[in-house]
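Each remark here refers to the structure printed beneath this line.
The values are calculated or read from the model by the stated rules, or taken from the named source; none is laboratory data. For clarity, every value in this text was computed on a predicted model and none was experimentally measured. Glycine gets a Cβ as well: all are built from the backbone with ideal geometry, and neighbour counts include every protein chain shown. When the accessible area is computed, the model is the full protein with side chains, heavy atoms only, and any ligands, DNA or RNA have been set aside. Shrake-Rupley method; radii C 1.70, N 1.55, O 1.52, S 1.80 Å.
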Amino acid sequence: DWLWGGTTEQIQQTIAHGIRFASDPDTWQSEMPPFGDIITPEQIAQVGAYVASLSGKVQDASLIEPGAKVFAENCVACHGDNAKGNKELGAPNLTDAIWLYAPGETAIAVQVRAPKHGVMPAWIGRLGETKVKELAVYVHSLGGGE
């Protein structure tokens, strides 16, 4: 799941400068807030069920409707009304069943409560401009970052 746009230039930017890579001022930056400090544990369970319902099975279907409300109040600003994400912000599509850490309501609730913020290093210094461009073209050929 490519989070930062699918053009060759956007892919090249990501490979060259990374994501949340502190030693590169041109790195992509995004951070989901820890909603454990913002909403209740019950609301976290509800939104976890709602998001899980967008791409898979849910253990307790009664949580989906209230979870949709929690999502609308807290998550649409980054993930959009349709939960398809926002590549300008690095917010992932939540409807495609592609999960960075783990699928399912519990894993989603853990990420909502206290998100992990992974880091991708900048590769420009190690690989050089030519190799980074070659990698960007290759990744783009796999589906344009989609």
(request) Could you tell me whether A136 is open to solvent by less than 90 Å² (accessible area, probe 1.4 Å), closer than 26 Å to D26 by Cα and not in a loop (DSSP other than H, G, I, E, B)? (result) yes
(message) Among the residues of region 34-41, are any out of contact with any strand residue (DSSP E or B) (no Cβ under 6 Å at 6 or more places or on another chain), among the polar types (S, T, N, Q) and open to solvent by less than 60 Å² (accessible area, probe 1.4 Å)?
(response) no
(request) Those residues that are out of contact with any Gly (no Cβ under 9 Å at 6 or more places or on another chain) and closer than 25 Å to G90 by Cβ, I need them from region 32-68; list them, please. (result) M32, P33, P34, F35, G36, D37, I38, I39, L54, S55, A68
(message) Being touching a residue at least 60 places away in the same chain (Cβ under 8 Å) and not in a loop (DSSP other than H, G, I, E, B) is true for just one of G48, G125, G118, G67. Which residue is that?
(response) G48
(request) Output the residues belonging to region 70-91 that are hydrophobic (A, V, I, L, M, F, W, C), part of a loop (DSSP other than H, G, I, E, B) and either open to solvent by less than 30 Å² (accessible area, probe 1.4 Å) or in contact with a His (Cβ under 7 Å, 6 or more places away or on another chain) (or both). (result) C75, A83
(message) Looking at the structure I just gave you, is G118 loosely packed, with under 12 Cβ neighbours inside 10 Å and closer than 14 Å to W4 by Cβ?
(response) yes
